[in-house]
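What follows is one structure encoded as C-alpha coordinates, with my remarks underneath.
The values are calculated or read from the model by the stated rules, or taken from the named source; none is laboratory data. Just so we're clear, the structure is a prediction, and the values are computed from it rather than from any experiment. When we count neighbours, we look across all protein chains shown, and the Cβ atoms used for this are built from the backbone with ideal geometry, even at glycine. What goes into the accessible areas is simple: the full protein's heavy atoms, side chains included, and nothing from ligands, DNA or RNA. Shrake-Rupley method; radii C 1.70, N 1.55, O 1.52, S 1.80 Å.
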Amino acid sequence: MLKQILSKLPRKPSKNADNREHGGSHTTLLNSSTSSRSSDLGTSKSGNSIASHVALNYASDIGPYNDKKFARGANPKVNGIPVSSFYEALPGFRDVPSSEKQSLFIKKLNMCCVIFDFTDPTKYIKEKEIKRNTLLELVDYVTSVNGKFTETVMQEVITMVSANLFRTFNPQPRENKVIEAFDVEEEEPSMDPAWLHLQIVYEFFLRFVASPELDAKLAKRYIDHSFILKLLDLFDSEDPREREYLKTILHRIYGKFMVHRPFIRKATNNIFYIFVFETEKHNGIAELLEILGSVINGFALPLKEEHKLFLVRALIPLHKPKCLPMYHQQLSYCIMQFVEKDCKLADTVIRGLLKYWPITNCSKEVMFLSELEEVLEATQPSEFQRCMVPLFHQIARCLSSSHFQGTGMANTTCTSRYEMVTTMLALTQMPPSPFVAERALFLWNNDHIENLIKQNCEVILPIIFPALERNARNHWNQAVHGLTINVRKIFYDLDPELFQECLQEFQENELKEDEVKARREAAWKRLEELAAKKAASNEAVLVLRKASVPSFSG
(Lines give C-alpha, C1' and ligand atoms only; values in the text may rest on other atoms or scores of the structure.)
Protein backbone atom coordinates (compact mmCIF):
# COMPACT_ATOMS: atom_id res chain seq x y z
CA MET A 1 0.00 0.00 0.00
CA LEU A 2 2.82 2.38 0.92
CA LYS A 3 4.66 1.59 -2.36
CA GLN A 4 1.54 2.44 -4.38
CA ILE A 5 1.23 5.83 -2.63
CA LEU A 6 4.90 6.65 -3.16
CA SER A 7 4.76 5.67 -6.82
CA LYS A 8 2.13 8.37 -7.43
CA LEU A 9 4.32 11.13 -6.00
CA PRO A 10 6.39 13.25 -8.50
CA ARG A 11 9.97 12.01 -8.80
CA LYS A 12 13.09 14.15 -8.35
CA PRO A 13 14.75 14.89 -11.71
CA SER A 14 17.91 12.86 -12.36
CA LYS A 15 21.37 14.24 -12.95
CA ASN A 16 21.15 13.24 -16.60
CA ALA A 17 18.05 15.38 -16.95
CA ASP A 18 19.88 18.30 -15.35
CA ASN A 19 22.71 17.85 -17.79
CA ARG A 20 20.29 17.88 -20.70
CA GLU A 21 18.76 21.12 -19.44
CA HIS A 22 22.12 22.86 -19.25
CA GLY A 23 23.59 21.27 -22.35
CA GLY A 24 20.57 21.67 -24.63
CA SER A 25 20.26 19.03 -27.31
CA HIS A 26 24.02 18.37 -27.58
CA THR A 27 25.10 14.81 -28.23
CA THR A 28 28.12 14.10 -26.06
CA LEU A 29 31.07 11.92 -26.85
CA LEU A 30 31.26 10.78 -23.24
CA ASN A 31 27.73 9.50 -22.59
CA SER A 32 28.72 5.93 -23.34
CA SER A 33 31.37 5.90 -20.61
CA THR A 34 29.74 8.13 -17.96
CA SER A 35 28.12 5.27 -16.09
CA SER A 36 31.30 3.19 -16.04
CA ARG A 37 33.26 6.09 -14.52
CA SER A 38 30.68 7.10 -11.90
CA SER A 39 31.80 4.46 -9.42
CA ASP A 40 35.46 5.48 -9.89
CA LEU A 41 34.63 9.10 -9.16
CA GLY A 42 32.84 8.08 -5.97
CA THR A 43 35.82 6.16 -4.64
CA SER A 44 38.27 9.07 -4.89
CA LYS A 45 39.16 11.37 -2.00
CA SER A 46 36.48 13.85 -1.09
CA GLY A 47 38.82 16.79 -1.53
CA ASN A 48 39.17 16.11 -5.24
CA SER A 49 35.94 14.31 -6.09
CA ILE A 50 34.05 17.59 -6.59
CA ALA A 51 36.62 18.97 -9.00
CA SER A 52 36.74 15.72 -10.96
CA HIS A 53 32.96 15.45 -11.03
CA VAL A 54 32.54 19.02 -12.31
CA ALA A 55 35.24 18.48 -14.92
CA LEU A 56 33.32 15.43 -16.11
CA ASN A 57 30.10 17.42 -16.20
CA TYR A 58 31.94 20.12 -18.14
CA ALA A 59 32.94 17.60 -20.79
CA SER A 60 29.34 16.42 -20.97
CA ASP A 61 27.92 19.94 -21.12
CA ILE A 62 30.03 21.20 -24.01
CA GLY A 63 29.01 18.29 -26.20
CA PRO A 64 31.26 17.22 -29.06
CA TYR A 65 34.65 18.86 -29.25
CA ASN A 66 33.78 20.49 -32.57
CA ASP A 67 30.39 21.85 -31.45
CA LYS A 68 29.65 25.25 -32.98
CA LYS A 69 28.56 26.70 -29.63
CA PHE A 70 31.94 25.95 -28.09
CA ALA A 71 34.05 29.07 -28.59
CA ARG A 72 37.78 28.57 -28.20
CA GLY A 73 39.23 31.34 -26.11
CA ALA A 74 35.95 32.20 -24.38
CA ASN A 75 35.82 32.39 -20.59
CA PRO A 76 35.41 28.74 -19.57
CA LYS A 77 32.33 28.14 -17.42
CA VAL A 78 30.41 25.09 -16.28
CA ASN A 79 26.68 25.53 -15.74
CA GLY A 80 27.29 29.27 -15.44
CA ILE A 81 29.95 28.77 -12.75
CA PRO A 82 33.47 30.06 -13.60
CA VAL A 83 36.13 27.36 -13.89
CA SER A 84 38.26 29.10 -11.27
CA SER A 85 35.75 28.10 -8.60
CA PHE A 86 36.38 24.36 -9.01
CA TYR A 87 39.54 23.88 -11.14
CA GLU A 88 41.90 22.32 -8.60
CA ALA A 89 44.86 20.02 -9.08
CA LEU A 90 44.25 16.30 -8.74
CA PRO A 91 46.63 14.07 -6.75
CA GLY A 92 49.71 12.77 -8.54
CA PHE A 93 49.99 9.22 -9.85
CA ARG A 94 52.55 8.42 -7.18
CA ASP A 95 50.03 9.30 -4.46
CA VAL A 96 47.42 6.68 -5.43
CA PRO A 97 47.53 2.87 -5.50
CA SER A 98 48.20 1.13 -8.83
CA SER A 99 44.60 -0.03 -8.97
CA GLU A 100 43.38 3.58 -9.08
CA LYS A 101 45.90 4.99 -11.55
CA GLN A 102 43.79 4.33 -14.63
CA SER A 103 40.78 5.99 -12.99
CA LEU A 104 42.93 8.99 -12.05
CA PHE A 105 44.32 9.08 -15.60
CA ILE A 106 40.78 9.40 -16.98
CA LYS A 107 39.93 12.15 -14.49
CA LYS A 108 43.02 14.11 -15.50
CA LEU A 109 42.07 13.68 -19.18
CA ASN A 110 38.61 15.09 -18.46
CA MET A 111 40.16 17.94 -16.51
CA CYS A 112 42.36 18.85 -19.51
CA CYS A 113 39.32 19.21 -21.79
CA VAL A 114 38.85 22.74 -20.42
CA ILE A 115 40.16 25.29 -22.94
CA PHE A 116 41.56 28.60 -21.67
CA ASP A 117 41.89 32.00 -23.31
CA PHE A 118 45.56 32.75 -24.03
CA THR A 119 44.96 36.05 -25.80
CA ASP A 120 44.84 37.71 -22.38
CA PRO A 121 47.82 36.51 -20.26
CA THR A 122 46.31 37.97 -17.10
CA LYS A 123 43.31 35.63 -17.03
CA TYR A 124 43.20 32.23 -15.32
CA ILE A 125 46.90 32.21 -14.49
CA LYS A 126 46.53 29.64 -11.72
CA GLU A 127 44.20 27.39 -13.71
CA LYS A 128 46.47 27.47 -16.78
CA GLU A 129 49.41 26.39 -14.67
CA ILE A 130 47.36 23.58 -13.12
CA LYS A 131 46.39 22.33 -16.58
CA ARG A 132 49.99 22.56 -17.81
CA ASN A 133 51.26 20.50 -14.88
CA THR A 134 48.43 18.00 -15.39
CA LEU A 135 49.34 17.61 -19.05
CA LEU A 136 52.96 16.99 -18.11
CA GLU A 137 51.81 14.29 -15.68
CA LEU A 138 49.81 12.68 -18.49
CA VAL A 139 52.89 12.66 -20.71
CA ASP A 140 54.93 10.91 -18.00
CA TYR A 141 52.16 8.40 -17.37
CA VAL A 142 51.79 7.43 -21.05
CA THR A 143 55.56 7.07 -21.37
CA SER A 144 55.93 4.75 -18.37
CA VAL A 145 52.60 2.88 -18.34
CA ASN A 146 52.63 -0.92 -18.13
CA GLY A 147 49.67 -2.72 -19.60
CA LYS A 148 47.53 -2.23 -22.69
CA PHE A 149 45.30 0.82 -22.96
CA THR A 150 41.62 -0.01 -22.62
CA GLU A 151 38.98 1.20 -25.07
CA THR A 152 37.66 3.60 -22.42
CA VAL A 153 41.09 5.19 -22.11
CA MET A 154 41.44 5.42 -25.89
CA GLN A 155 38.10 7.17 -26.17
CA GLU A 156 38.95 9.65 -23.42
CA VAL A 157 42.38 10.37 -24.94
CA ILE A 158 40.88 11.12 -28.36
CA THR A 159 38.24 13.33 -26.74
CA MET A 160 40.84 15.36 -24.85
CA VAL A 161 43.19 15.64 -27.83
CA SER A 162 40.32 16.66 -30.11
CA ALA A 163 39.05 19.29 -27.68
CA ASN A 164 42.47 20.91 -27.47
CA LEU A 165 43.78 20.60 -31.03
CA PHE A 166 40.87 20.75 -33.45
CA ARG A 167 40.01 24.38 -34.00
CA THR A 168 39.34 26.87 -36.77
CA PHE A 169 42.28 28.95 -37.93
CA ASN A 170 42.04 32.66 -38.56
CA PRO A 171 44.61 33.14 -41.34
CA GLN A 172 46.28 36.48 -41.84
CA PRO A 173 45.30 38.32 -45.05
CA ARG A 174 47.63 37.44 -47.91
CA GLU A 175 46.36 39.77 -50.63
CA ASN A 176 49.15 42.30 -50.13
CA LYS A 177 52.04 39.84 -50.26
CA VAL A 178 54.26 39.29 -53.26
CA ILE A 179 53.42 35.72 -54.16
CA GLU A 180 55.63 35.20 -57.18
CA ALA A 181 59.20 35.12 -55.91
CA PHE A 182 59.44 36.04 -52.26
CA ASP A 183 61.40 34.04 -49.78
CA VAL A 184 58.87 32.50 -47.42
CA GLU A 185 61.50 31.74 -44.81
CA GLU A 186 62.08 35.49 -44.36
CA GLU A 187 58.51 35.97 -43.14
CA GLU A 188 57.69 36.07 -39.45
CA PRO A 189 55.53 32.97 -38.82
CA SER A 190 52.32 33.35 -36.87
CA MET A 191 52.73 31.75 -33.43
CA ASP A 192 49.72 30.39 -31.56
CA PRO A 193 49.53 32.00 -28.09
CA ALA A 194 48.12 28.74 -26.69
CA TRP A 195 51.28 26.85 -27.65
CA LEU A 196 52.19 26.57 -23.95
CA HIS A 197 49.44 23.93 -23.68
CA LEU A 198 49.27 22.77 -27.30
CA GLN A 199 52.88 21.61 -27.35
CA ILE A 200 52.32 19.33 -24.35
CA VAL A 201 49.10 17.96 -25.87
CA TYR A 202 50.97 17.17 -29.09
CA GLU A 203 53.80 15.53 -27.14
CA PHE A 204 51.26 13.51 -25.16
CA PHE A 205 49.44 12.31 -28.27
CA LEU A 206 52.70 11.49 -30.05
CA ARG A 207 53.83 9.27 -27.18
CA PHE A 208 50.36 7.74 -26.97
CA VAL A 209 50.38 6.77 -30.66
CA ALA A 210 53.98 5.52 -30.49
CA SER A 211 53.40 3.56 -27.27
CA PRO A 212 53.73 -0.25 -27.58
CA GLU A 213 50.77 -0.49 -25.18
CA LEU A 214 48.41 0.90 -27.85
CA ASP A 215 46.57 -1.85 -29.71
CA ALA A 216 46.08 -0.60 -33.28
CA LYS A 217 43.21 -3.01 -33.92
CA LEU A 218 41.19 -1.42 -31.09
CA ALA A 219 42.46 2.13 -31.53
CA LYS A 220 41.39 2.31 -35.20
CA ARG A 221 37.79 2.73 -33.96
CA TYR A 222 38.74 6.06 -32.37
CA ILE A 223 41.62 7.19 -34.58
CA ASP A 224 39.27 6.86 -37.54
CA HIS A 225 38.87 8.58 -40.92
CA SER A 226 37.07 11.55 -39.41
CA PHE A 227 39.85 12.09 -36.88
CA ILE A 228 42.54 11.81 -39.58
CA LEU A 229 40.79 14.38 -41.79
CA LYS A 230 40.68 16.86 -38.91
CA LEU A 231 44.35 16.14 -38.19
CA LEU A 232 45.19 16.86 -41.84
CA ASP A 233 43.27 20.14 -41.66
CA LEU A 234 45.69 21.27 -38.94
CA PHE A 235 48.58 21.18 -41.43
CA ASP A 236 47.40 24.59 -42.65
CA SER A 237 48.54 26.10 -39.34
CA GLU A 238 50.89 29.05 -39.72
CA ASP A 239 52.89 27.92 -36.68
CA PRO A 240 55.86 25.84 -37.96
CA ARG A 241 56.26 24.18 -34.55
CA GLU A 242 52.74 22.76 -34.80
CA ARG A 243 53.29 21.51 -38.35
CA GLU A 244 56.47 19.75 -37.23
CA TYR A 245 54.57 17.83 -34.53
CA LEU A 246 51.76 17.02 -36.97
CA LYS A 247 54.27 15.66 -39.47
CA THR A 248 55.73 13.28 -36.89
CA ILE A 249 52.33 12.18 -35.56
CA LEU A 250 50.79 11.52 -38.98
CA HIS A 251 53.86 9.53 -39.98
CA ARG A 252 53.51 7.40 -36.84
CA ILE A 253 49.80 6.84 -37.55
CA TYR A 254 50.61 5.84 -41.14
CA GLY A 255 53.18 3.34 -39.91
CA LYS A 256 51.05 1.85 -37.13
CA PHE A 257 47.58 1.77 -38.70
CA MET A 258 48.01 -0.11 -41.96
CA VAL A 259 44.28 -0.10 -42.51
CA HIS A 260 44.34 3.71 -42.80
CA ARG A 261 47.22 3.97 -45.27
CA PRO A 262 45.16 4.13 -48.50
CA PHE A 263 42.83 6.70 -46.94
CA ILE A 264 45.72 8.90 -45.76
CA ARG A 265 47.24 8.87 -49.26
CA LYS A 266 43.89 9.68 -50.84
CA ALA A 267 43.15 12.50 -48.37
CA THR A 268 46.63 13.95 -48.95
CA ASN A 269 46.03 13.81 -52.71
CA ASN A 270 42.83 15.80 -52.25
CA ILE A 271 44.74 18.49 -50.35
CA PHE A 272 47.21 18.71 -53.23
CA TYR A 273 44.42 18.91 -55.83
CA ILE A 274 42.70 21.78 -54.01
CA PHE A 275 46.03 23.55 -53.55
CA VAL A 276 47.16 23.22 -57.18
CA PHE A 277 43.92 23.74 -59.07
CA GLU A 278 41.90 26.00 -56.75
CA THR A 279 43.56 27.98 -53.96
CA GLU A 280 47.38 27.83 -54.30
CA LYS A 281 47.36 28.62 -50.56
CA HIS A 282 48.41 26.10 -47.93
CA ASN A 283 51.04 26.24 -45.19
CA GLY A 284 51.76 22.52 -44.80
CA ILE A 285 52.61 21.29 -48.30
CA ALA A 286 56.31 20.90 -47.43
CA GLU A 287 55.54 18.81 -44.33
CA LEU A 288 53.07 16.58 -46.20
CA LEU A 289 55.63 16.00 -48.95
CA GLU A 290 58.24 15.15 -46.33
CA ILE A 291 55.95 12.41 -45.01
CA LEU A 292 55.27 11.16 -48.52
CA GLY A 293 59.00 11.05 -49.26
CA SER A 294 59.36 8.41 -46.55
CA VAL A 295 56.19 6.64 -47.71
CA ILE A 296 57.37 6.48 -51.35
CA ASN A 297 60.72 5.14 -50.19
CA GLY A 298 58.85 2.16 -48.74
CA PHE A 299 56.83 1.35 -51.87
CA ALA A 300 57.34 -2.24 -53.01
CA LEU A 301 58.50 -3.09 -56.53
CA PRO A 302 57.09 -3.25 -59.10
CA LEU A 303 55.20 -0.04 -58.43
CA LYS A 304 51.43 -0.27 -58.39
CA GLU A 305 49.43 1.64 -60.96
CA GLU A 306 47.88 3.64 -58.11
CA HIS A 307 51.31 4.93 -57.12
CA LYS A 308 52.21 5.89 -60.69
CA LEU A 309 48.94 7.81 -60.99
CA PHE A 310 49.82 9.59 -57.75
CA LEU A 311 53.05 10.75 -59.39
CA VAL A 312 51.34 11.96 -62.56
CA ARG A 313 48.20 13.50 -61.06
CA ALA A 314 49.43 14.91 -57.74
CA LEU A 315 53.21 15.32 -57.57
CA ILE A 316 54.08 16.60 -61.03
CA PRO A 317 51.28 19.26 -61.05
CA LEU A 318 52.74 20.62 -57.79
CA HIS A 319 55.33 22.34 -60.02
CA LYS A 320 52.59 24.68 -61.24
CA PRO A 321 51.94 27.04 -58.26
CA LYS A 322 53.88 30.26 -57.93
CA CYS A 323 54.93 29.45 -54.37
CA LEU A 324 56.99 26.42 -55.48
CA PRO A 325 60.06 27.62 -53.48
CA MET A 326 58.14 26.80 -50.26
CA TYR A 327 58.32 23.06 -50.89
CA HIS A 328 60.51 22.43 -53.95
CA GLN A 329 63.22 20.58 -52.02
CA GLN A 330 60.73 18.07 -50.59
CA LEU A 331 58.91 17.74 -53.93
CA SER A 332 62.15 17.07 -55.80
CA TYR A 333 63.03 14.35 -53.29
CA CYS A 334 59.66 12.61 -53.83
CA ILE A 335 60.07 12.79 -57.61
CA MET A 336 63.56 11.29 -57.42
CA GLN A 337 62.29 8.42 -55.26
CA PHE A 338 59.99 7.38 -58.10
CA VAL A 339 62.71 7.69 -60.77
CA GLU A 340 65.20 5.68 -58.70
CA LYS A 341 62.63 2.93 -58.09
CA ASP A 342 61.53 2.74 -61.74
CA CYS A 343 63.86 4.27 -64.31
CA LYS A 344 61.12 4.07 -66.96
CA LEU A 345 59.33 6.90 -65.16
CA ALA A 346 62.12 9.34 -66.09
CA ASP A 347 60.43 10.07 -69.44
CA THR A 348 57.12 10.74 -67.64
CA VAL A 349 58.77 13.09 -65.15
CA ILE A 350 60.75 15.03 -67.78
CA ARG A 351 57.66 15.53 -69.96
CA GLY A 352 55.77 16.64 -66.86
CA LEU A 353 58.45 19.23 -66.10
CA LEU A 354 58.25 20.47 -69.70
CA LYS A 355 54.47 20.77 -69.40
CA TYR A 356 54.70 23.07 -66.37
CA TRP A 357 57.90 24.83 -67.38
CA PRO A 358 57.70 28.52 -66.33
CA ILE A 359 57.76 31.16 -69.03
CA THR A 360 58.36 34.44 -67.22
CA ASN A 361 59.45 33.32 -63.72
CA CYS A 362 63.23 32.95 -63.99
CA SER A 363 63.73 31.84 -60.38
CA LYS A 364 61.40 28.89 -61.00
CA GLU A 365 63.27 28.13 -64.24
CA VAL A 366 66.49 27.77 -62.27
CA MET A 367 64.73 25.35 -59.89
CA PHE A 368 63.39 23.34 -62.83
CA LEU A 369 66.88 23.12 -64.35
CA SER A 370 68.34 21.91 -61.03
CA GLU A 371 65.65 19.25 -60.69
CA LEU A 372 66.05 18.30 -64.34
CA GLU A 373 69.75 17.65 -63.78
CA GLU A 374 68.96 15.27 -60.91
CA VAL A 375 66.41 13.38 -63.02
CA LEU A 376 68.74 13.16 -66.03
CA GLU A 377 71.50 11.80 -63.82
CA ALA A 378 69.25 8.81 -63.04
CA THR A 379 67.94 8.44 -66.61
CA GLN A 380 68.88 5.50 -68.80
CA PRO A 381 69.81 6.02 -72.50
CA SER A 382 66.60 4.39 -73.78
CA GLU A 383 64.41 6.73 -71.70
CA PHE A 384 66.55 9.70 -72.64
CA GLN A 385 66.01 9.10 -76.35
CA ARG A 386 62.24 9.20 -75.91
CA CYS A 387 62.18 12.76 -74.61
CA MET A 388 65.40 14.34 -75.85
CA VAL A 389 63.84 16.29 -78.77
CA PRO A 390 61.29 18.33 -76.76
CA LEU A 391 63.74 18.50 -73.85
CA PHE A 392 66.53 20.16 -75.83
CA HIS A 393 64.14 22.50 -77.59
CA GLN A 394 63.40 23.80 -74.08
CA ILE A 395 67.07 23.85 -73.12
CA ALA A 396 67.79 25.85 -76.28
CA ARG A 397 65.20 28.41 -75.17
CA CYS A 398 66.92 28.55 -71.79
CA LEU A 399 70.32 29.09 -73.43
CA SER A 400 69.00 32.08 -75.36
CA SER A 401 66.64 33.22 -72.60
CA SER A 402 66.23 36.94 -72.10
CA HIS A 403 64.91 36.40 -68.57
CA PHE A 404 67.21 37.15 -65.70
CA GLN A 405 67.23 36.49 -61.95
CA GLY A 406 66.72 39.81 -60.18
CA THR A 407 69.20 40.80 -57.52
CA GLY A 408 66.80 41.40 -54.67
CA MET A 409 63.26 40.35 -55.53
CA ALA A 410 63.65 36.84 -54.14
CA ASN A 411 64.08 38.15 -50.61
CA THR A 412 61.51 40.91 -50.75
CA THR A 413 58.08 41.08 -49.15
CA CYS A 414 55.73 44.04 -49.30
CA THR A 415 52.99 45.02 -46.93
CA SER A 416 51.09 47.27 -49.34
CA ARG A 417 50.49 47.57 -53.05
CA TYR A 418 52.37 50.88 -53.11
CA GLU A 419 55.44 49.26 -51.55
CA MET A 420 55.19 46.34 -53.97
CA VAL A 421 55.13 48.60 -57.05
CA THR A 422 57.89 50.86 -55.69
CA THR A 423 60.11 47.87 -54.90
CA MET A 424 59.59 46.32 -58.32
CA LEU A 425 60.44 49.61 -60.05
CA ALA A 426 63.58 49.95 -57.96
CA LEU A 427 64.68 46.40 -58.69
CA THR A 428 64.31 46.89 -62.43
CA GLN A 429 67.06 49.53 -62.25
CA MET A 430 69.53 47.01 -60.78
CA PRO A 431 71.86 45.07 -63.09
CA PRO A 432 70.50 41.54 -63.67
CA SER A 433 72.53 38.34 -63.62
CA PRO A 434 71.85 35.66 -66.28
CA PHE A 435 71.19 32.66 -64.05
CA VAL A 436 68.91 30.83 -66.51
CA ALA A 437 71.39 30.55 -69.41
CA GLU A 438 74.27 29.91 -67.02
CA ARG A 439 72.37 27.17 -65.15
CA ALA A 440 71.43 25.49 -68.43
CA LEU A 441 75.07 25.42 -69.53
CA PHE A 442 76.03 23.79 -66.23
CA LEU A 443 74.29 20.60 -67.45
CA TRP A 444 77.42 19.83 -69.50
CA ASN A 445 79.46 19.70 -66.28
CA ASN A 446 77.67 16.47 -65.34
CA ASP A 447 79.52 13.48 -66.79
CA HIS A 448 76.46 11.23 -67.13
CA ILE A 449 74.44 13.93 -68.91
CA GLU A 450 77.38 14.79 -71.15
CA ASN A 451 77.68 11.13 -72.17
CA LEU A 452 73.94 10.97 -72.97
CA ILE A 453 74.31 14.08 -75.13
CA LYS A 454 77.38 12.73 -76.93
CA GLN A 455 75.58 9.46 -77.74
CA ASN A 456 72.81 11.45 -79.43
CA CYS A 457 74.88 14.31 -80.79
CA GLU A 458 73.43 14.12 -84.32
CA VAL A 459 69.95 14.87 -82.96
CA ILE A 460 70.77 17.34 -80.20
CA LEU A 461 73.37 19.61 -81.83
CA PRO A 462 71.13 20.88 -84.68
CA ILE A 463 68.51 21.85 -82.07
CA ILE A 464 70.74 23.87 -79.75
CA PHE A 465 73.39 25.09 -82.23
CA PRO A 466 71.64 28.43 -83.07
CA ALA A 467 71.41 29.33 -79.36
CA LEU A 468 75.05 28.40 -78.78
CA GLU A 469 76.23 30.39 -81.80
CA ARG A 470 74.30 33.52 -80.83
CA ASN A 471 75.65 33.36 -77.27
CA ALA A 472 79.20 32.89 -78.56
CA ARG A 473 78.89 35.92 -80.82
CA ASN A 474 76.81 38.41 -78.93
CA HIS A 475 76.35 37.57 -75.25
CA TRP A 476 77.51 40.36 -72.98
CA ASN A 477 78.07 38.23 -69.87
CA GLN A 478 81.57 36.83 -69.57
CA ALA A 479 80.56 33.70 -67.62
CA VAL A 480 77.86 32.69 -70.12
CA HIS A 481 80.17 33.47 -73.03
CA GLY A 482 82.97 31.34 -71.61
CA LEU A 483 80.67 28.37 -70.83
CA THR A 484 79.21 28.57 -74.34
CA ILE A 485 82.66 28.43 -75.92
CA ASN A 486 83.47 25.32 -73.88
CA VAL A 487 80.25 23.57 -74.96
CA ARG A 488 80.86 24.47 -78.61
CA LYS A 489 84.36 22.98 -78.33
CA ILE A 490 82.92 19.72 -76.91
CA PHE A 491 80.66 19.33 -79.94
CA TYR A 492 83.38 20.33 -82.38
CA ASP A 493 85.85 17.81 -80.96
CA LEU A 494 83.18 15.12 -80.97
CA ASP A 495 82.07 15.47 -84.63
CA PRO A 496 83.71 18.27 -86.65
CA GLU A 497 81.75 17.43 -89.81
CA LEU A 498 78.40 17.66 -88.08
CA PHE A 499 79.51 20.87 -86.43
CA GLN A 500 80.43 22.42 -89.81
CA GLU A 501 77.09 21.30 -91.28
CA CYS A 502 75.21 22.97 -88.43
CA LEU A 503 77.34 26.11 -88.82
CA GLN A 504 76.68 26.25 -92.56
CA GLU A 505 72.95 25.75 -92.04
CA PHE A 506 72.94 28.47 -89.40
CA GLN A 507 74.71 30.89 -91.76
CA GLU A 508 72.27 30.08 -94.57
CA ASN A 509 69.31 30.69 -92.25
CA GLU A 510 70.88 33.98 -91.20
CA LEU A 511 71.15 35.05 -94.86
CA LYS A 512 67.51 34.10 -95.45
CA GLU A 513 66.47 36.05 -92.36
CA ASP A 514 68.48 39.06 -93.58
CA GLU A 515 66.77 38.87 -96.98
CA VAL A 516 63.32 38.69 -95.39
CA LYS A 517 64.21 41.58 -93.10
CA ALA A 518 65.50 43.66 -96.07
CA ARG A 519 62.31 43.00 -98.07
CA ARG A 520 60.17 43.93 -95.09
CA GLU A 521 62.08 47.18 -94.55
CA ALA A 522 61.89 48.02 -98.28
CA ALA A 523 58.11 47.45 -98.28
CA TRP A 524 57.68 49.74 -95.26
CA LYS A 525 59.92 52.36 -96.87
CA ARG A 526 57.80 52.35 -100.05
CA LEU A 527 54.65 52.73 -97.97
CA GLU A 528 56.16 55.64 -96.06
CA GLU A 529 57.22 57.38 -99.32
CA LEU A 530 53.77 56.84 -100.83
CA ALA A 531 52.06 58.18 -97.73
CA ALA A 532 54.36 61.25 -97.68
CA LYS A 533 53.68 61.94 -101.38
CA LYS A 534 49.91 61.74 -100.89
CA ALA A 535 50.11 63.95 -97.81
CA ALA A 536 52.09 66.62 -99.73
CA SER A 537 49.52 66.73 -102.57
CA ASN A 538 46.52 66.62 -100.21
CA GLU A 539 45.26 63.65 -102.23
CA ALA A 540 42.99 61.22 -100.49
CA VAL A 541 44.28 57.70 -100.02
CA LEU A 542 41.72 55.13 -101.15
CA VAL A 543 41.62 51.89 -99.20
CA LEU A 544 39.88 49.10 -101.11
CA ARG A 545 38.00 46.44 -99.16
CA LYS A 546 38.17 42.84 -100.22
CA ALA A 547 34.51 42.27 -99.40
CA SER A 548 31.63 44.72 -99.64
CA VAL A 549 29.61 45.49 -96.56
CA PRO A 550 26.02 44.28 -96.96
CA SER A 551 23.31 46.93 -96.71
CA PHE A 552 20.14 46.47 -94.76
CA SER A 553 16.89 47.97 -95.97
CA GLY A 554 14.11 48.85 -93.70
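Do the alpha carbons of any pairs in Lys308/Lys341; Lys220/Lys341; Lys308/Lys355 sit beyond 23 Å of each other, and which pairs?
Lys220/Lys341
For Lys266 paired with Leu511, estimate the spin-label separation in nm (one decimal), with each label point 7 Å from Cα along the Cα-to-Cβ line.
Taking the simple label geometry, Lys266 and Leu511 are separated by 6.7 nm.
Run the simple label-point estimate for Ser98 and Ser190 please: 7 Å along Cα→C-beta, distance reported in nm.
Distance between the two pseudo-spin positions: 4.9 nm.
About its Cα centre, how strong a charge dipole does the stretch 188-300 have in debye, to the nearest 20, once Lys and Arg get +1 and Asp and Glu get -1 at the Cβ?
Charge dipole, the stretch 188-300, about its Cα centre: 720 debye, nearest 20.
Accessible area per residue of the stretch 279-355 at 1.4 Å probe, in Å²?
Computed with neighbouring chains in place, this is 42 Å² per residue.
May I ask you to order 151-160, 377-386, 358-367 by the average number of other C-beta atoms within 10 Å around their residues, highest value first?
Result, highest mean Cβ count within 10 Å first: 151-160, 358-367, 377-386.
Full extension from Trp444 to Leu218: what is 0.36 nm times the residue separation minus their Cα-Cα distance, to one decimal in nm?
75.7 nm
Using a basic spin-label model with each label point 7 Å from the Cα along Cα→Cβ, how many nm lie between Gln500 and Gln478?
If labels sit at Gln500 and Gln478, their model points lie 3.4 nm apart.
Provide the gained length on full extension for the span Phe277 to Val389, in nm with one decimal, where the gain is 0.36 nm per separating residue minus the Cα-Cα distance.
Here the answer is 37.4 nm.
Using 0.36 nm times the number of residues separating Glu377 and Lys148, minus their current alpha carbon distance, what extension gain do you get?
77.5 nm
Find the centroid of the Cα atoms in the stretch 103-123 and in the stretch 266-329, then give the distance between the two in whole Å.
37 Å
Rank-order 202-209, 340-347 by packing density, defined as the average count of other C-beta atoms within 10 Å over each peptide's residues, highest first.
Order by mean packing, descending: 202-209, 340-347.
So for the stretch 432-508, taking the charge dipole from beta-carbon charges (+1 Lys/Arg, -1 Asp/Glu), which of Ile453, Leu468, Val480 sits furthest toward the positive end?
The residue sitting most towards the positive pole is Val480.
For Asp347, what charge total do you get from the other residues with a beta carbon under 10 Å from its beta carbon, if Lys and Arg give +1 and Asp and Glu give -1?
Charge balance near Asp347 sits at +2.
Step through the residues of the stretch 455-470 one at a time and calculate ³J(HN,Hα) from phi using the Karplus curve (6.51 cos²θ - 1.76 cosθ + 1.60, θ = phi - 60°), rounding each to whole Hz and writing x for Gly and Pro.
5, 10, 4, 5, 8, 7, 4, x, 6, 9, 4, x, 5, 5, 5, 5
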